[in-house]
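Colleague: Just dropping this structure here.
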């Protein structure tokens, strides 16, 4: 077991190294000079040169890569070209919005979708199943920013339960912080929950057609008992895979929702940084996202092992 | 009053007739055998008794069990009868258990469900029941998962669940079909023992007349949802009345027309000291790799125009050796030569492939469903150096289809339009089209119903005589090998333990294992003598 995890962590490490190389090289290839962007098009060549020197852009590429990696290892992500502020501070501010938002949305989508999927599978082919599946179809089709605007219209403008946007900050208290993230989290969760519910349903229906469900019924379990005791856990593996993928998407892909609700999240940060050729910020944020994806994948693998004894024995 | 009695039982599924006016009864302490080929409705009869039927099913008639009509009982009450008064054993032990729960949990679940005892006591009882079916605690702790058990052991777990709280009726739907013959023999013994010890009524469903003859007291022969013939087991001996029953009996007691051909002394295929090692996949820094010898130093020859049988149970290495001969898998040591050419997995050229063809077990999985029969059968022709004209191809294919007992017009059809037996005929036609010297028949008739099986075997005998073919006939079923081969090899744990003329090996087996195999193999004549 320990060996398995050591092996996983080694792979994890190599994934990060390769990702850092790819990120660094690809951003080097993209045209655009941070120095000239910062100083404007009328800047003198010697001023530009001086700024490049100051930013360390004139050093050899390998050296810059190694410095970047070394910095990240000790928690120093460099200084933003544009804002002249340490990247780590900018990122951690944003992370405290994006991470809770992603987790919040994921919890919502899981809590909604699994029962819905199970309910639909238990009533497969009936009207209730068809209507639930119809709703999830709409949930996938509706653009989430539009849904977000509907939420704002209803809950912020008409009912005035929530504010229309902005983030109170965690200093104002956990409740207020969560409150300002609620509408964005719901709008993010809707399409995710719809997908997850469909996966849960089809996976469970596949499982219900397995022989061991018939065995369970022959033992005298009712349909629902068989479903709960023997169906769900067996149906969970594909669902876990999707949850893992969705979390990664929620971390970085919330940019449109962040814009709708004026949230200072990672998505907006990376968007601005790209526009301003603030390469050091872009690199660091992407690296951070890669890191979170790798960690989540690792956690999903651990979850597989917990769910499935066959995997447990194959790694012993 | 009998324990269970079906009166005019009919079943429709989506308005399609599945069962038609069945009448049968069985008593405590009795074994009722239901026999029939695929599609006869025998499994649906079993499912009707426990009322676990697919969507859209409607039952008519009566099933009186223990003085209650099961058709009038609510689903809630039925749940109390299933598992408690009626135990059920399924055909597929590999999939009948929940892969994520250990065997202790799965057996104790049924005990806990139907009796008012604590979880702890139910686990204790589960251990006792498992002991009773031959899975003692010391060797098979309750914490074992199904994937850690063999097929036979899993089937014992399923039986344990079915008999855990002493049901009155036990229904076994092809409980031993998926198992090896020696395992099957032990399971049948176990079931018989349970019936006599617990005074059970057992309804045994199978396609194998020999198995029924060995254990049943009463028999029902079914075809297309109807009972064709029924009575005490003695009707098998005294003589069956209906035409279908007679055909079924003859097919189960199949003796092929004697093979009438003289094989040459010249060697066609030589397998010399062949071994195949597998190492376990896990990378370990601390242990040396475990090496598993799937095939260990195996040698044999097949001459021109000779039929050789290769017999063994699952995991004995017969598939590995087949794949090696076909050049699909590499070997670790040894040499395989066909005529003058050595077969090496890395480069088997088309000229060699042309000489060996294969027919696989699964008539459903071995064809591409999107190609028509003409394309399927003519496909091996690309092995030919000279291009064959399209018109000649058609003539060839149609000729072969007629030869294997199909129609020339079948070449335009698709594979789903054929039955299992017809598909196997198409597979045989496909193997013949490049005029091979050797055909490997890998369990080629095992999945077929007995009556179809007899026809295909006859066809194979006839073809081998007329085309001067050699066969390597691989099977787990001794009786099949007996009828079609002149030489036989018996394989166990990767080694050939006995080899010789088929007739000699069957009359005077030398190796212990061969004797066990022969004894375990269900044999209709043997069983009838005991009646």
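The values are calculated or read from the model by the stated rules, or taken from the named source; none is laboratory data. Predicted model only: the values in this text are computed from it and were never measured. Positions of Cβ are generated from backbone atoms using ideal geometry, with glycine treated the same way; all protein chains shown enter the neighbour counts.
Colleague: Out of all the residues in the range B:372-391, is one or more outside any helix (DSSP H, G or I), over 26 Å from residue B:340 (Cα atoms) and at pLDDT 90 or above?
Modeller: Within the range B:372-391 (the criterion being outside any helix (DSSP H, G or I), over 26 Å from residue B:340 (Cα atoms) and at pLDDT 90 or above), the answer is yes, since at least one residue qualifies.
Colleague: Tell me, yes or no, whether the range A:184-205 has at least one residue that is surrounded by 18 or more Cβ atoms within 10 Å (Cβ to Cβ) and over 26 Å from the mean Cα position of the chain (by Cα).
Modeller: Checking the range A:184-205: at least one residue is surrounded by 18 or more Cβ atoms within 10 Å (Cβ to Cβ) and over 26 Å from the mean Cα position of the chain (by Cα).
Colleague: On the given criteria, is residue B:470 crowded, with 17+ Cβ neighbours inside 10 Å and touching a residue at least 12 places away in the same chain (Cβ under 8 Å)?
Modeller: Here the answer is yes, as residue B:470 does meet what is asked.
Colleague: Can you find a residue that is within 13 Å of another protein chain (Cβ to nearest Cβ) and modelled with pLDDT of 90 or more anywhere in the range A:195-205?
Modeller: Within the range A:195-205, one or more residues are within 13 Å of another protein chain (Cβ to nearest Cβ) and modelled with pLDDT of 90 or more.
Colleague: Out of (1) more than 30 Å from residue A:282 (Cβ to Cβ); (2) surrounded by fewer than 18 Cβ atoms within 10 Å (Cβ to Cβ), what's the single condition that is false for residue A:118?
Modeller: Among (1) more than 30 Å from residue A:282 (Cβ to Cβ); (2) surrounded by fewer than 18 Cβ atoms within 10 Å (Cβ to Cβ), residue A:118 violates only (2).
Colleague: Filter the range A:76-124 down to residues that are modelled with pLDDT under 90, farther than 23 Å from residue A:262 by Cβ and assigned to a helix (DSSP H, G or I), then give me how many there are.
Modeller: 1
Colleague: So which strands (runs of 3 or more DSSP E) stay within the range B:1-70 end to end and still have 1 or more residues that are in contact with a strand residue (DSSP E or B) (Cβ under 7 Å, 6 or more places away or on another chain), touching a residue at least 12 places away in the same chain (Cβ under 8 Å) and more than 22 Å from residue B:177 (Cα to Cα)?
Modeller: Here the list reads B:4-13, B:16-26, B:57-65.
Colleague: Quick one: is residue B:134 closer than 26 Å to residue A:312 by Cα, touching a helix residue (DSSP H, G or I) at 6+ places or on another chain (Cβ under 8 Å) and in contact (Cβ under 8 Å) with a residue 24 or more places away in the chain?
Modeller: no
Colleague: Quick check, is residue B:84 over 19 Å from residue B:25 (Cβ atoms) and at the interface with another protein chain (Cβ under 9 Å from one of its Cβ atoms)?
Modeller: For residue B:84, the condition - over 19 Å from residue B:25 (Cβ atoms) and at the interface with another protein chain (Cβ under 9 Å from one of its Cβ atoms) - is met.
Colleague: Which fully enclosed helices (runs of 4 or more DSSP H) of the range A:211-263 have 1 or more residues being more than 16 Å from the chain's Cα centre (by Cα) and at the interface with another protein chain (Cβ under 8 Å from one of its Cβ atoms)?
Modeller: Per the criteria, A:211-218, A:232-252.
Colleague: Moving on to the next point. Just checking, does the range B:62-72 include any residue being at positive phi and more than 14 Å from chain A (Cβ to nearest Cβ)?
Modeller: yes
Colleague: Being closer than 28 Å to residue B:251 by Cβ and either modelled with pLDDT of 90 or more or in a loop (DSSP other than H, G, I, E, B) (or both): is that true of residue B:405 here?
Modeller: Taking the combined requirement at face value, the residue satisfies it.
Colleague: Mind checking which residues of the range A:45-80 are within 28 Å of the chain's Cα centre (by Cα), surrounded by 12 or more Cβ atoms within 10 Å (Cβ to Cβ) and at positive phi?
Modeller: Hit for the range A:45-80 is A:78, nothing else.
Colleague: Among the listed residues A:84, A:52, identify the single one that is touching a helix residue (DSSP H, G or I) at 6+ places or on another chain (Cβ under 6 Å), away from chain B (no Cβ under 14 Å) and without any contact (Cβ under 8 Å) to a residue 60 or more places away in the chain.
Modeller: A:52
Colleague: Determine whether the range A:58-72 contains at least one residue that is in contact (Cβ under 8 Å) with a residue 40 or more places away in the chain, under 18 Å from residue A:295 (Cα atoms) and assigned to a helix (DSSP H, G or I).
Modeller: Within the range A:58-72, one or more residues are in contact (Cβ under 8 Å) with a residue 40 or more places away in the chain, under 18 Å from residue A:295 (Cα atoms) and assigned to a helix (DSSP H, G or I).
Here's the yes/no breakdown for (1) touching a residue at least 60 places away in the same chain (Cβ under 8 Å); (2) under 30 Å from the mean Cα position of the chain (by Cα); (3) facing chain A (nearest Cβ under 9 Å); (4) surrounded by fewer than 24 Cβ atoms within 10 Å (Cβ to Cβ):
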site	(1), (2), (3), (4)
B:92	yes, yes, yes, yes
B:98	no, yes, yes, no
B:101	no, yes, yes, yes
B:106	no, yes, yes, no
B:112	no, no, no, yes
B:119	no, no, no, yes
B:123	no, no, no, yes
B:139	no, yes, no, yes
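Colleague: Just give me the residues in the range A:32-44 being within 18 Å of residue A:79 (Cα to Cα) and loosely packed, with under 12 Cβ neighbours inside 10 Å, in sequence order.
Modeller: If the condition is that a residue be within 18 Å of residue A:79 (Cα to Cα) and loosely packed, with under 12 Cβ neighbours inside 10 Å, then no residue fits.
Colleague: Follow-up question, since we're still on this one. Looking at the range B:443-455 only, could you name the residues that are within 23 Å of residue B:380 (Cα to Cα) and surrounded by fewer than 21 Cβ atoms within 10 Å (Cβ to Cβ)?
Modeller: Answer for the range B:443-455, where residues must be within 23 Å of residue B:380 (Cα to Cα) and surrounded by fewer than 21 Cβ atoms within 10 Å (Cβ to Cβ): just B:443.
Colleague: Which members of the range A:142-176 meet the condition of being within 30 Å of residue A:94 (Cβ to Cβ), assigned to a helix (DSSP H, G or I) and free of Cβ contacts under 8 Å to residues at least 12 places away in the same chain?
Modeller: A:146, A:150, A:153, A:154, A:157, A:171, A:172, A:174, A:175, A:176
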